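The structure under discussion is supplied below as structure tokens; questions concerning it will follow.
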Amino acid sequence: MPQIRQVISTLSNDGKEIMGPDVLVYHYPDNSILNGSLLTVESNHFAVLKSRGAILNVYETGQYVIQTPDRPIIGAFQQAFFGGQSPWQYEVIYINRAKLILEVSGVAYSKEMAEMGYHVSCYVHVDTKEDALKLVQHMPMSGHYVSMKEVNWYAGPVIEQSINKIVQLTELERVNERMPEILELVKEHLQEFLSVYGLTLNDVKALVYPRDERMKELIALRAFGLSELDAVRYYTAMIMAQKGVISAPNIAIGEPFFIGNPQVAADRITQVESKH
């Protein structure tokens with residue numbers, strides 16, 4: 001009876017794809033791969049075949065019959081020297097070559113030492129077989145997966161340093177004016193860093209914003225062309241209006257608030273001023 005080939009793929013027993021949008025690397029869990037095993041590589045994957053740390057081959061899309069250099073060791077020789085086990089162990093590591101999202105959030109500080117939050121989103125992918133080799137050689141694996149969350153940990157300090165390099169020298173209100181410079185610096189430093197791991201950076205989007213809610217609202221009011229004093233006055237008026245204080249409109253326009261007949265109150269103020 002002919003032997004049934006072992007099939008190696010990224011599909012689970014129920015036919016579901018194991019490598020989702022958050023998985024960069026998947027280590028096939030069975031390392032007892034034999035000569036003649038059938039390796040399946042999907043259109044958005046690379047596959048790397050290793051033997052005891054040495055890389056034997058890198059596969060692109062298709063189906064391949066694994067030709068391993070070992071031969072079956074049988075009889076007393078195998079039992080005596082290897083305890084009945086083959087001395088060769090093979091591993092298959094799948095690399096996701098689709099565009100994946102790298103996301104990092106953190107805190108920077110403006111020139112006035114005001115806290116600025118930031119959120120950076122990047123698209124990255126593994127472009128070539130050579131890049132797949134770099135990834136396997138340089139990205140440490142713990143278990144059978146390397147998730148994008150782990151890649152975020154590596155990229156986080158690079159992004160933080162790039163953003164702070166500009167933000168720390170910029171006034172709070174002018175940070176958004178320098179966003180093109182911030183994006184270019186993040187791209188430059190991040191691509192240089194990711195290339196070591198065989199990752200290509202496609203696009204970067206970033207948002208930098210004041211963490212303090214008051215500062216957000218004051219800057220929004222300043223964007224309408226208000227002076228600093230007017231922005232503070234309008235912000236105070238908005239808070240008062242939310243709490244139902246009836247003098248809120250007076251604060252906004254910078255006029256006094258009178259209880260009762262405003263004309264009588266105004267006449268009294270005039271009389272007091274004339275006595276002095």
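Give the lysines whose C-alpha is closer than 19 Å to that of Lys129, dropping any in the same chain fewer than 8 places away, or say none.
Lys129 reaches Lys50, Lys99.
For region 16-67, which trypsin sites (Lys or Arg not before Pro) are in a loop by DSSP, counting at most 13 other Cβ atoms within 10 Å?
Values: sites: Lys16, Lys50, Arg52; in loops: Lys16, Arg52.
Those satisfying the criteria are Lys16, Arg52.
If I compute solvent accessible area with a 1.4 Å probe over the protein chains, what percent of it on region 94-217 is carbon and sulfur?
For region 94-217, the apolar C and S fraction of the accessible surface comes to 51 percent.
Which of the lysines could be linked to Lys111 by a straight reach, that is with a Cα gap under 26 Å, when you skip same-chain ones fewer than 8 residues away?
Cross-link targets: Lys165, Lys187, Lys205, Lys216.
Can you work out the accessible area per residue across region 79-185, with the rest of the protein chains kept in place, probe 1.4 Å, in square angstrom?
Ligands and nucleic acids excluded, the result is 53 Å² per residue.
The values are calculated or read from the model by the stated rules, or taken from the named source; none is laboratory data. Just so it is clear, the model here is predicted, and its values are computed rather than measured. Note that each Cβ is placed from the backbone with ideal geometry, even for glycine, and that neighbours are counted across all protein chains shown. The protein model used for the area step is the full one, side chains on, heavy atoms only, and it has no ligands, DNA or RNA in it. Shrake-Rupley method; radii C 1.70, N 1.55, O 1.52, S 1.80 Å.
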